[in-house]
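Here's the structure, in structure tokens; my notes come after.
The values are calculated or read from the model by the stated rules, or taken from the named source; none is laboratory data. Source: prediction; values computed, not measured. Cβ coordinates were reconstructed from backbone atoms using ideal geometry, including for glycine residues, and neighbour counts include every protein chain displayed.
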Amino acid sequence: MPATLNDILQSHRTGRAFVMGILNVTPDSFSDGGEFLTPAAALTQARALVMDGAEIIDVGAESTRPGASRVAPADQIARLGEVLPGVVATGACVSVDTTRSEVARFALDAGAKIVNDVSAGLDDPDLLPLVADRGAAMVLMHMRGQPATMQEDVQYQDVVAEVRDFLAERLTAAQRAGVDRERCIVDPGIGFGKRLEHNLALLGGVDELLTLDRPVLIGASRKRFIGELTGEDEPAQRVSGSVAAHLAAWRGGATLFRVHDVRPFVSALQVARAVAAARSDRDG
Ligand code: HH2
């Protein structure tokens, strides 16, 4: 049964998990920059993500890796314009990874249903009103500062509580701008202004984020902290570590997972789910 946007937005209540496949139409993303820049390569990848089990495709035209340079909205639109119609035609629910309202407007016009804003509405004051006006869904993500500087001077007293409070405040800001809270998804922003211990605390602290009564999205895929734990310098070699990180968050109640390597995670989830079902059968 294909996922509807409503299924995704209710997933924290139903427990159904959804995989968001990553499609970076960028020359400089940290793990796959340049791989899917041509429209043909991007569409082939979008179809492969769906075949592998992704029910959401997150298309981005600007890298947010630490130190990345900004991409003007017109350039993001030029990159997206050639691929969005084909990605929408896959039948997956399409999300656009941007902080800019011009880009989000273009993507929503092309059939995207979710705006994935890593700045949680702070980068562009016109973004929340646009999402409200269109009745779109939105990901509000926690980040400290800007990608250019976010890994400098990273300090928290209690990272899980601080991220939860920030997301609560951004949910209120979104509502004040007219966005329906029921259309919001929250994301602790793994790797965005966080050191290893912060990422681990957040992956283990999903239950606390769920007190916001919104679905929790986790994006740990191939990120640096996995390399720090496993010694894998090459992002594409961090697949097993990424699966483990996402499964740990799933156990805590996260239901949405933003991943590069869809099939390995879908398989792991199938097994973990079967074990959990057997356990609950036994417990009655
Ligand atoms: N991570 C990245 C980009 N967008 N969006 C959300 N909601 N959550 C995340 O954790 C997240 C995100 C970074 O990963 P990637 O897209 O692979 O790299 P880059 O930003 O270099 O394109």
Query - Only listed residue being more than 15 Å from the chain's Cα centre (by Cα) and free of Cβ contacts under 8 Å to residues at least 40 places away in the same chain, chosen from ALA41, ALA46 - result: ALA41
Report task. With the condition kept exactly as written, say whether any residue in segment 132-152 is more than 10 Å from the ligand (Cβ to nearest atom), part of a helix (DSSP H, G or I), surrounded by 15 or more Cβ atoms within 10 Å (Cβ to Cβ) and in contact (Cβ under 8 Å) with a residue 12 or more places away in the chain. Result -> yes
Query raised in the report: Taking PRO125 and the conditions (1) at pLDDT 95 or above; (2) not in a loop (DSSP other than H, G, I, E, B), which numbered condition does it fall short on, given that it satisfies the others?
Result: (2)
Query raised in the report: Filtering segment 188-222 down to residues that are charged (D, E, K, R) and touching a residue at least 60 places away in the same chain (Cβ under 8 Å), which residue is farthest from ALA161 (Cα to Cα)?
Result: ARG222
Query raised in the report: Which number in (1) within 23 Å of ALA68 (Cβ to Cβ); (2) in contact with a strand residue (DSSP E or B) (Cβ under 7 Å, 6 or more places away or on another chain) marks the one condition that ARG183 misses?
Result: (1)
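Quick check on segment 37-61: of everything there that is at pLDDT 85 or above and in a loop (DSSP other than H, G, I, E, B), which residue is nearest to the ligand (Cβ to nearest atom)?
Once the filter is applied, the top-ranked residue is ALA61.
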Query - Of all residues in segment 77-105 being within 16 Å of the ligand (Cβ to nearest atom) and more than 18 Å from the chain's Cα centre (by Cα), the one that is surrounded by the fewest Cβ atoms within 10 Å (Cβ to Cβ) - result: ARG79
Query raised in the report: When only residues in segment 229-284 that are under 17 Å from the mean Cα position of the chain (by Cα) and among the β-branched types (Val, Ile, Thr) count, which is surrounded by the most Cβ atoms within 10 Å (Cβ to Cβ)?
Result: VAL259
Query raised in the report: Are any residues in segment 6-36 surrounded by 15 or more Cβ atoms within 10 Å (Cβ to Cβ), outside any loop (DSSP other than H, G, I, E, B) and not small (Gly, Ala, Ser), and if so, which ones?
Result: ASP7, ILE8, LEU9, HIS12, PHE18, VAL19, MET20, ILE22, LEU23, ASN24
Requested in this report: Kindly list, by first and then second residue, each pair from a residue in segment 6-35 that is over 14 Å from CYS93 (Cβ atoms) to a residue that is hydroxyl-bearing (Ser, Thr, Tyr) and modelled with pLDDT under 95, limited to pairs with Cβ atoms under 6 Å and residues at least 6 apart or on different chains.
Outcome: THR26/SER63; ASP28/SER63; SER29/SER63; GLY33/THR26
Report summary line: Note on segment 108-120: residues outside any helix (DSSP H, G or I) and more than 13 Å from the ligand (Cβ to nearest atom) are ALA110, GLY111, ALA112, LYS113
Report task. Among residues belonging to segment 62-76 that are buried (at least 16 other Cβ atoms within 10 Å of the Cβ) and in a helix (DSSP H, G or I), point out the one that is nearest to the ligand (Cβ to nearest atom). Result -> GLN76
